[in-house]
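**Student:** I'd like to ask you about the structure that follows.
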Amino acid sequence: MGRDTKIAWADNTLNPWVGCAMVHAGCTHCYAMSSQDHRMGRVEWGPKGTRRITARGNWHKAVTWNKVCEALGQLETVFMASMADVFEDFSGQMLDHNGVPLWTSPLVDGDGIPVWRSSAAGGPEDMPVSMGWVRSRLLRYITPFEWLHFLLLTKRPELVPGQLREVGLPELPQNCTLGTSISNQETAERMIPALRRVKALGMVNRIFLSYEPSLGPIDWNWNGSLLRDVDWVIVGGESTNSVGKARPFALDWARETVEACRSQNPPVPVFVKQLGSNAYDMFRGKAVPVTTHDKKGGEPFEWPTDLQVQERLIFDRKGAESVRKAGAEEAVG
């Protein structure tokens with residue numbers, strides 16, 4: 001687990017803003033909605049809800065991480081937007097971290113962080129802050145960080161090409177990898193081709209899949225292979241939260257994913273994140289509940305040996321990739 005995140009497959013997490021809307025079945029028990037809407041009441045979820053930009057100090061974390069990584073001589077990954085979707089097509093006015101409507105400014109501060117105002121009194125050039133305005137400045141802000149690699153996970157990969165063109169960017173920054181979330185066969189067939197299209201257009205060098213929460217089996221051989229051109233896969237079961245009880249997760253779905261990834265040429269790195277709160281395994285033709293001490297089923301030493309697979313993509317400053325294979329001992333220690 002990273003230095004500044006609870007996400008097992010990244011080193012840090014950065015949330016430039018908070019709030020989103022549900023896209024498919026995987027969103028139903030969204031932990032971000034559970035935390036930021038239901039429990040804390042910071043935003044209202046949904047297409048007509050609210051979106052809050054986080055405080056400037058939060059954005060500044062990337063500056064600090066980059067300096068620390070440079071001093072250590074090691075690159076770290078940053079999971080971008082666990083509480084939002086960078087590529088959401090939200091049309092409302094963005095709010096500041098206190099819930100005040102925001103207005104644009106042409107300025108950036110000394111660290112390159114965009115300047116926004118909570119009042120339109122700044123000048124006639126000011127306009128209501130849109131998500132597109134913040135997205136444009138976010139992508140430009142993260143571009144110079146040589147010691148950070150950003151993992152952008154979206155449920156809207158089909159929107160990425162148009163949004164990049166709208167903000168005058170031919171591609172995502174070189175220090176970015178783009179992923180999409182899938183949960184079953186239907187979402188895989190719909191989302192993965194759209195993600196691969198972004199790569200085929202030359203707008204990103206690497207793509208990954210987050211098969212989490214896994215809600216049903218996936219035929220990875222569909223239409224030739226759903227893993228074609230995919231660089232990394234994450235798989236895991238759902239956790240119970242305030243939105244609802246975790247839906248069932250069959251360990252065989254993870255096994256089939258690991259097998260499919262290993263059968264590719266070259267093999268696709270795969271990261272089994274957790275078993276979730278409602279996992280089961282098959283024994284003599286019957287579904288048997290899997291009980292773990294960790295309520296999210298996130299401790300690899302509690303899993304069957306064949307699922308203790310946690311491979312991460314690692315990038316150097318030039319973007320070359322390698323794979324670190326972390327077994328149960330490394331994951332625990």
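What follows draws every value from the coordinates through simple rules; no lab data is involved. Predicted model, so just to flag it, every value in this text is computed and none were measured. Virtual Cβ from ideal backbone geometry, glycine too; neighbours counted across all protein chains shown.
**Student:** With θ set to phi - 60°, apply the Karplus curve 6.51 cos²θ - 1.76 cosθ + 1.60 along segment 204-209 and write out the HN-Hα couplings as whole Hz, x wherever there is a Gly or Pro.
**Tutor:** In residue order, the calculated couplings are 7, 8, 9, 9, 9, 10 Hz.
**Student:** Here's another thing I want to ask about it. Applying 1/(1 + (r/R0)^6) with R0 = 35 Å to the Cβ-Cβ distance of Thr64 and Asp89, what FRET efficiency is obtained, to the nearest 0.05?
**Tutor:** The formula returns an efficiency of 0.65 here.
**Student:** I've got another one for you. What are the residues whose amide H is under 5 Å from the amide H of Cys20, where those residues sit 5 or more places off or on another chain and H is modelled from the backbone?
**Tutor:** When sequence neighbours closer than 5 places are left aside, the close amide H contacts are Gly46.
**Student:** Among all lysine pairs in the chain that are eight or more places apart or on different chains, how many have alpha carbons less than 13 angstrom apart?
**Tutor:** For the chain, the number of qualifying lysine pairs is 5.
**Student:** If each of Thr305 and Met40 carries a label point 7 Å out from its Cα toward its Cβ, how far apart are those two points in nm?
**Tutor:** Once both label points are built, they end up 4.2 nm from each other.
**Student:** Further question on the same structure: Quick check: the distance between the Cα centres of segment 41-63 and segment 185-199, to the nearest angstrom?
**Tutor:** Using only Cα atoms to place each centre, the spacing works out to 27 Å.
**Student:** Quick check on the chain: helices-only [θ] at 222 nm, where DSSP H runs of length 4 and up contribute -39,500 (n - 2.57) each and the sum goes over total residues. Nearest 500, please.
**Tutor:** Calculated at 222 nm, the ellipticity per residue is -6000 deg cm²/dmol.
**Student:** Return the percentage of antiparallel bridges among DSSP beta bridges fully within the chain, rounded to the nearest 5 %.
**Tutor:** Looking only at bridges with both residues in the chain, the antiparallel portion is about 40 percent.
**Student:** Charges only on Cβ, +1 for Lys and Arg, -1 for Asp and Glu: so what's the dipole of the chain about the Cα centre, in debye to the nearest 20?
**Tutor:** Magnitude of the dipole: close to 360 debye.
**Student:** With the contact rule set at Cα under 8 Å and sequence spacing of 6 or more, what percent relative contact order holds for segment 12-332?
**Tutor:** Answer for segment 12-332 is 13 percent.
**Student:** Okay, moving on. Using amide H atoms built in the peptide plane, which far-off residues or other-chain residues are under 5 Å from Thr154 H to H?
**Tutor:** Gly179, Thr180, Ser181
**Student:** Identify the trypsin sites (Lys or Arg not before Pro) of segment 38-89 meeting these criteria: DSSP loop state and at most 15 other C-beta atoms within 10 Å of the C-beta.
**Tutor:** Those satisfying the criteria are Lys48.
**Student:** Each residue of segment 17-23 in turn: what ³J(HN,Hα) in whole Hz from Karplus with 6.51, -1.76, 1.60 and θ = phi - 60°, glycine and Pro shown as x?
**Tutor:** Running phi through 6.51 cos²θ - 1.76 cosθ + 1.60 with θ = phi - 60° gives 8, 10, x, 6, 9, 6, 10 Hz.
**Student:** Also, I was wondering about something else. Hey, what's the per residue convex hull volume over the C-alpha atoms of the chain, in cubic angstrom?
**Tutor:** Enclosed volume per residue, from the Cα hull, is 134 Å³.
**Student:** Same structure, new question: Could you give the length gained by full extension between Arg197 and Ser118, i.e. 0.36 nm per residue of separation minus their alpha carbon distance, to one decimal place?
**Tutor:** So the extension gain works out to 24.6 nm.
**Student:** Whose amide H sits under 5 Å from the amide H of Ser239, counting only residues 5 or more places off or on another chain, with H placed in the peptide plane?
**Tutor:** Counting only residues 5 or more places away or on other chains, the set is Ser277.
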